[in-house]
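Colleague: I am attaching a structure below and will ask some questions about it afterwards.
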Amino acid sequence: MHPDALDFDAAPGRLTLAGDIEAHHDADLLDSISQASGGHERDVFIDLSAVTFLPSSIVGTLLRARALAARNGAAVTLAARAETVPKRVLEVCGVPHEVVR
């Protein structure tokens, strides 16, 4: 994946993203989520707090991952810190998410 940083630890099902995520990163992002969630079969927590650019097309990719997980009885939880770009984008798009510190 090409954002500034991509870090995930599959054991706890956590994916932490940072930097600018561009629209053309959609396939790489979906693949990373699949890896972190065991093929969309385990719950995964995605922390977007350090993301500096989040286009609506990537929000669509995150929602697609959430739908794939739901089909398998798993959950994709999105999270962002207050006062960040991802938090504002998720709110504007009406996407349920958690606020982290």
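The values are calculated or read from the model by the stated rules, or taken from the named source; none is laboratory data. Predicted model, so just to flag it, every value in this text is computed and none were measured. Cβ: placed from backbone, ideal geometry, glycine included. Neighbour counts: every protein chain shown.
Colleague: Of the conditions (1) within 20 Å of residue 22 (Cα to Cα); (2) out of contact with any Pro (no Cβ under 7 Å at 6 or more places or on another chain); (3) in a strand (DSSP E or B); (4) not hydroxyl-bearing (Ser, Thr, Tyr), residue 91 clears all except one; give me its number.
Modeller: (3)
Colleague: Follow-up question, since we're still on this one. Residues 74, 69, 79: which one is surrounded by 18 or more Cβ atoms within 10 Å (Cβ to Cβ), in a loop (DSSP other than H, G, I, E, B) and modelled with pLDDT of 95 or more? Show your work before the answer.
Modeller: Details: 69 fails: in a loop (DSSP other than H, G, I, E, B); 79 fails: in a loop (DSSP other than H, G, I, E, B).
Exactly one residue qualifies, and that residue is 74.
Colleague: Looking at the stretch 46-66, which of the residues that are of a type in the set (A, V, I, L, M) and not in a helix (DSSP H, G or I) is nearest to the chain's Cα centre (by Cα)? Working first, answer last.
Modeller: Let us first name the residues in the stretch 46-66 that are of a type in the set (A, V, I, L, M), namely 46, 48, 50-51, 54, 58-59, 62-63, 65.
Applying the additional criterion that residues be not in a helix (DSSP H, G or I) yields 46, 48, 50-51, 54.
Details: 46: 4, 48: 6, 50: 11, 51: 10, 54: 10 Å.
Among those residues, the one meeting the criterion is 46.
Colleague: OK, next. Of all residues being surrounded by fewer than 18 Cβ atoms within 10 Å (Cβ to Cβ) and within 11 Å of the chain's Cα centre (by Cα) in the stretch 15-30, which is modelled with the highest pLDDT? Just the residue, please.
Modeller: Our first condition is that a residue be surrounded by fewer than 18 Cβ atoms within 10 Å (Cβ to Cβ); within the stretch 15-30, this holds for 18-20, 22-24, 26-28, 30.
If we keep only those that are within 11 Å of the chain's Cα centre (by Cα) too, we end up with 18, 26, 30.
Working: 18: 88, 26: 90, 30: 93.
Going through the qualifying residues, I end up with 30.
Colleague: Restricting attention to the stretch 31-42, and to residues there that are assigned to a helix (DSSP H, G or I) and small (Gly, Ala, Ser), which single residue is modelled with the highest pLDDT?
Modeller: 34
Colleague: Tell me which residues, restricted to the stretch 53-70, are under 13 Å from residue 25 (Cβ atoms) and not hydrophobic (A, V, I, L, M, F, W, C).
Modeller: Result: 55, 57, 60, 61.
Colleague: Just give me the residues in the stretch 82-99 being closer than 11 Å to residue 46 by Cα and surrounded by fewer than 18 Cβ atoms within 10 Å (Cβ to Cβ), in sequence order.
Modeller: Within the stretch 82-99, the subset closer than 11 Å to residue 46 by Cα is 97-98.
Across the stretch 82-99, the qualifying residue is only 98.
Colleague: Let me ask something additional. May I ask you to list the residues in the stretch 9-30 that are among the charged types (D, E, K, R) and in a strand (DSSP E or B)?
Modeller: 9, 14, 20
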